[in-house]
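First the structure, in the form of structure tokens, and then the observations on it.
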Amino acid sequence: GMTVLGAAQPQTTPVHFLGHKEPTRKGRFVVLETDGNGSLSLSPLHMVVTFDGDLRRAIDVRPGDSLRTVEGKQSAVRRVYTQEKIGLFQPHTVHGTLYIDGFLVSCYASLSKVTDPTLEARFLHAILLPLRAVYKFAGINLLGSFFYKHRP
């Protein structure tokens, strides 16, 4: 199976399913450029973890906000813009977080622009508990390729 850099240590952690696996899909992404020349590209409603541990939708991040790096350091956002890109992937880990482009993000994308991102992520994580448990203890991905646009 696939592994990613998870937030637990950080260490590699298995992906128990992919919410999206669409390598040819075009879409608008929010690009967060940080000091130190780092950048993170996410779908607008994908949740990112701030340095303080709060969750924020990518579209709600502003210059001056700080992100957590894989080294556990603070990296200030200096520029936010949107850009069309190709490829949409949404890996889900047992812990609900992972590192993308060196920054800590949630596995979850918000379902609404008006709900509290932290409560929403907790809710989504809770309803996926049975899937995580089956994967963790039996190694079985119950969803398989259900969410893939072009199922293998």
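Within straight cross-link reach of residue 73, meaning Cα distance under 16 Å, which aspartates and glutamates are found once same-chain residues fewer than 8 apart are removed? By straight Cα distance, residue 73 reaches 33, 35, 52, 54, 65, 101.
Across segment 123-137, coupling constants 3J(HN,Hα) worked out from phi with the 6.51/-1.76/1.60 Karplus curve, θ = phi - 60°, read 4, 4, 5, 5, 6, 8, 3, x, 5, 5, 5, 4, 5, 5, 9 Hz, and Gly and Pro carry x. Amide H contacts of residue 100: 105, each under 5 Å away and 5 or more positions distant or on a separate chain (H built 1.01 Å from N in the peptide plane; Pro and chain starts excluded).
Here the Debye sum runs over all C-alpha atoms of segment 39-152 as equal scatterers in vacuum, and log10 of I(q)/I(0) at q = 0.13, 0.21, 0.22 Å⁻¹ comes out as -0.55, -1.25, -1.32.
Between residue 59 and residue 140, what's the calculated FRET efficiency when r is the beta-carbon distance and R0 is 35 Å? Round to 0.05. Let's see the in-between values first.
Working: r = 35 Å, r/R0 = 1.00.
Here the calculated transfer efficiency is 0.50.
Label point of residue 26 set 7 angstrom out along Cα-Cβ; within segment 73-90, amide nitrogens under 11 Å from it belong to 84-86. Heavy-atom accessible area for residue 79, with the other protein chains in place and a 1.4 Å probe, reaches approximately 120 Å².
The values are calculated or read from the model by the stated rules, or taken from the named source; none is laboratory data. The shown structure was predicted, so the numbers you read here are calculated from the model rather than taken from an experiment. Here Cβ is always computed from backbone atoms with ideal geometry, including for glycine, and neighbour counts include all displayed protein chains. Side chains included, ligands, DNA and RNA excluded: accessible areas come from the protein's heavy atoms. Shrake-Rupley method; radii C 1.70, N 1.55, O 1.52, S 1.80 Å.
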